[in-house]
Amino acid sequence: MMTGKAMASGLLLFLLLMNIGGLARPFRGSNDDCWVDDRVQYVVCMRTARCRSSCLEHGYVDGRCQWGFPNLVPICECLLPKCAPGATGATN
C-alpha cells in the first residue's frame, strides 16, 4: 500500500509530465483558442514586453504572459492573426 508521501510524489510527477508533454491541452477552454504557446524562443514568460516582441517577430499579432492551470510557471502565448480585432473584415 502506498503512503501519503509516495502518492503526493506520484501526483506531482504526473502533473509535471502533463505540463511538459502538453498532455493537458484538452483542459483549455474555448476562450483561449486564439492563443498559442511561443515554444520557439521565449517559453517561460517573465516580461510581457519581451513576450510581445517575440510573438511579433514570429508573425503573431500580440503576446501575453499566461499563468494558470496546468502551467506551473508563466508561459508566453501569442495571439493568432485570425483572432485580432478587425481581422473579420467587418466594418463599423
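The values are calculated or read from the model by the stated rules, or taken from the named source; none is laboratory data. What you are looking at is a predicted structure, and each value in this text was computed from that prediction instead of being measured. Cβ atoms come from the backbone with ideal geometry, glycine included; neighbour counts cover every protein chain shown.
Numbers at a glance
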{"quantity": "Filtered residue count, segment 39-83, keeping only those that are surrounded by fewer than 15 Cβ atoms within 10 Å (Cβ to Cβ) and in contact with an Asp or Glu (Cβ under 6 Å, 6 or more places away or on another chain)", "calculated": "0"}
{"quantity": "Segment 71-83: number of residues that are part of a loop (DSSP other than H, G, I, E, B), more than 12 Å from residue 43 (Cβ to Cβ) and at pLDDT below 90", "calculated": "1"}
{"quantity": "Single match in 68, 63 (criterion: in a strand (DSSP E or B) and either touching a Pro at 6+ places or on another chain (Cβ under 7 Å) or at pLDDT 75 or above (or both))", "calculated": "63"}
